[in-house]
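We did not get these values from a lab; they are worked out from the coordinates using the rules stated. Bear in mind the structure is a predicted one, so any value in this text is a computation, not a measurement. Here the Cβ positions follow ideal geometry from the backbone for every residue, glycine too, while neighbour counts run over all protein chains shown.
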Amino acid sequence: MGCRRAAAPAELIRLSRRADGELVVGPGPGRGAWLCRDSPRCLDKAQRRLAFGRALRAEVGPGAVERLRKLGRNSAPSGEGGAHVCEDGGSGRVPG
């Protein structure tokens, strides 16, 4: 979502949005978006581009990105199987 690179799921974290607009890290139901796990620049780029709302197709609550930054992405679970694209808001799977 931030840097737009394709990467293995272990290198990315999946985000989704709760009904209250908060961002949730990890696998789960609903629309998801992917960020690079170990790159604060990826999060910065996504925030600067206002990519969260577009990728998740819903408004993200005020302060949700800053709270996400504080969670520490190194402990966040990644996706499963295949390859994913950091900017994708859909399945994230890259064919091949």
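Classify the range 13-55: rounded, prolate or oblate, from the alpha-carbon gyration tensor (a ≥ b ≥ c, eigenvalue square roots; a/c under 1.5 rounded; otherwise prolate if a/b is larger than b/c)? Don't skip to the answer; put the middle values down first.
Values: a/c = 2.25, a/b = 1.38, b/c = 1.62.
Oblate, because a/c is 1.5 or more while a/b does not exceed b/c.
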Quiz item: With θ set to phi - 60° and the Karplus curve 6.51 cos²θ - 1.76 cosθ + 1.60, what are the ³J(HN,Hα) couplings of the range 27-35 in order, to the nearest whole Hz, using x for Gly and Pro?
Solution: x, x, x, x, 5, x, 9, 10, 10
Quiz prompt | Label-point gap, in nm, between Lys70 and Arg5 - each point 7 angstrom along Cα→Cβ | solution = 2.9
